[in-house]
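Read through the structure below, which is laid out as structure tokens, and then see the notes.
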Amino acid sequence: MRFKFENLGLLDQAELELANLTIICGENNTGKTYATYAIYGFLRSWRQLLRSVMIEDIASLEHTEDKYKIDLDNIFKGKINNYFNRLGNEFVHTLHEIFAAKEDAFINTKVTISIDKEIEISKRSFQRRVQGGGAVLATITKEEGSSILEILSSDNEYPSRAFGLIEFIIDAIAEIVFSPYFPSPHISSAERTGAAIFRRELDMARTRMIKAINEMDSKEIRNRPWALFQNIDTDYAWPVEDNVEFVRQLEDIDKQISELSKSNADILSSFDEIIGGSYKVIRNQGLVFQTKGKGQKRFTMNEASSCARALLDVGFYLRCRAKSGDLFIIDEPELNLHPRNQRNFARLIARLINSGIKVFMTTHSDYLIKELNTLIMLYQKTENTIKVQCEYNYLDEELLNPHNVHLYITEKAGKRKSQNILRKANIYPDLGIEVSSFDDTIEEMNKIQNHIIYGE
């Protein structure tokens, strides 16, 4: 899936395609977070956007009093990108909500979304019963090998008017036609460390309610109580809110077991090695961090190390929610990690990718990128790389196919170098990823130190 942005916050022009591993690097204040949050916001809201885009299309289809028959190939085959463009146009109007910005903050923004290859609609099957009052009001079905979506209504009214059936039809189309293109996103924002400490105090819904009450007088609340909900606005970007809300629910989701935990328990063990222990929910104690080894000690999140706090939500996502096909978005995974653990986290990312989870990340870490380069170079499986792999104990499931990795660098462009753009970096099977901004900084530091030690 390819995203193209124009005038998106600090980004003037940006085009990127999601891969199994997508990385954005660049200096501060060049637009990395804008691209990250926009992609997350779209993947989080595309179903709602699709309803707005398709409601009139479905309502205008011919039907009898009790039956719809919709040829999905006739509507969508060869036209998916047209719908993606419409979704992009609709998405622009929600950007201010995603970023918790002013309504006019993105009036000049353009978003284009496209794919290169369409998925065969006929290969997917679908069946759903719409129930109400204990009775089946309608059935929505599509057989495998067929492109016909059939809706049978037991209501005497036209299905378009009966119990909002159109909404169920659009949901079915979303699942059959569009969901294969959109991974389920989970985000770990850069604010995750603070969320781990203050998670009990950070009740976003309560904060918004209090703010709205303070901005309305008591008479207005008494006379128009529904206006209270209309005046509730968020002060935080969606990724930050969602990250905080996830962290606040950790005790509730602790007993859940993710698909990843069942199929790749060794990945969870590797994660525990990075943090030096594990997270536990103990009766009468709540959430604690427990160190490994003899004399295991337990610490609250206030007492735990910054590493344990920074990766708290990551650990629970992997153990309780992660599944193949997800898009795991992590902002600056190197936060609070020693260089050794930054390297270990790079290897963890590779194992996630090879288990079927896509990863999208921003980073300032040269250690992280260099370790990913090692995993890419080892993928060649030459006589020498096999020897190196054995000598340094790299696992096959940690190696990265370079074709599955896309890295983009924020750069200045234009005649006066006044525009922020994304440039796709070169990735070489024998050398890895080229990140000039890291290399230039390191070379300058080496040059300065050489002058200090050796003189001119």
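The values are calculated or read from the model by the stated rules, or taken from the named source; none is laboratory data. Values in this document were obtained by computation on a predicted structure and should not be read as measured data. Note that each Cβ is placed from the backbone with ideal geometry, even for glycine, and that neighbours are counted across all protein chains shown. Ligands, DNA and RNA are stripped out before the accessible areas are found, and what is left, the full protein with its side chains, is counted by its heavy atoms. Shrake-Rupley method; radii C 1.70, N 1.55, O 1.52, S 1.80 Å.
The mean sequence separation of alpha-carbon pairs under 8 Å and at least six residues apart, normalised by the residue count of the chain, gives a relative contact order of 19 percent. Remark on the range 243-336: Rg and Dmax equal 13.0, 39 Å (Cα only). By a 1.4 Å probe calculation restricted to protein chains, HIS96 has an accessible surface near 40 Å², given to the nearest 10. Distant-in-sequence amide contacts of ILE329, defined by a placed amide H-H separation under 5 Å and a gap of 5 or more residues or a different chain, comprise HIS186, ILE187, SER188, PHE360.
For LYS412, the solvent-accessible surface with a 1.4 Å probe is about 100 Å², rounded to the nearest 10. With kT/(6 pi eta Rh) evaluated at 10 °C and eta = 1.306 mPa s, and Rh the Kirkwood radius from Cα pairs, the range 291-376 diffuses with a coefficient of 113 µm²/s according to Stokes-Einstein.
Entry for the range 65-184 at q = 0.17, 0.18, 0.20, 0.22 Å⁻¹: log10 I(q)/I(0) = -0.93, -0.98, -1.07, -1.16, Debye formula applied to identical alpha-carbon scatterers, no solvent contribution. Considering only TYR40, PHE5, LEU50, whose Cα is most displaced toward the positive end of the charge dipole of the chain, charges sitting on Cβ of Lys, Arg (+1) and Asp, Glu (-1)? Farthest towards the positive pole: TYR40.
Relative to the current alpha-carbon distance between ILE253 and HIS451, full extension at 0.36 nm per residue lengthens the span by 65.7 nm. Take the alpha carbon atoms of the chain, find their radius of gyration, then divide it by 2.2 N^0.38 Å using N residues; give the quotient. In units of the globular-protein estimate, the chain measures up at 1.12. With 32 Å as the limit on Cα-Cα distance, the pairs of LYS142/LYS255; LYS255/LYS370; LYS255/LYS297; LYS358/LYS412 that go past it are LYS142/LYS255; LYS255/LYS370. Within the straight-line cut-off of under 17 Å between alpha carbons, the aspartates and glutamates reachable from LYS415 are ASP12, sequence neighbours fewer than 8 places apart in one chain being disregarded.
Surface listing: ASP71, ASP430 arranged by accessible area from highest to lowest gives ASP430, ASP71, probe 1.4 Å. Take each peptide in 413-422, 356-365, 264-273, count the other Cβ atoms within 10 Å of every residue, and average; sorted highest first, the result is 356-365, 264-273, 413-422.
Listed by chain and number, the aspartates and glutamates whose C-alpha is less than 17 Å from the C-alpha of LYS381, apart from same-chain residues fewer than 8 away, are GLU371, GLU391, ASP396, GLU397, GLU398, ASP430. Here the dipole of the chain is about 920 debye; that uses its Cα centre as origin and unit charges on the Cβ of Lys and Arg (positive) and Asp and Glu (negative). At full extension, LYS79 and CYS390 could sit 107.0 nm farther apart than now, given 0.36 nm per residue minus the alpha carbon distance. For the chain, the antiparallel share of DSSP beta bridges with both residues in that region comes to about 70%.
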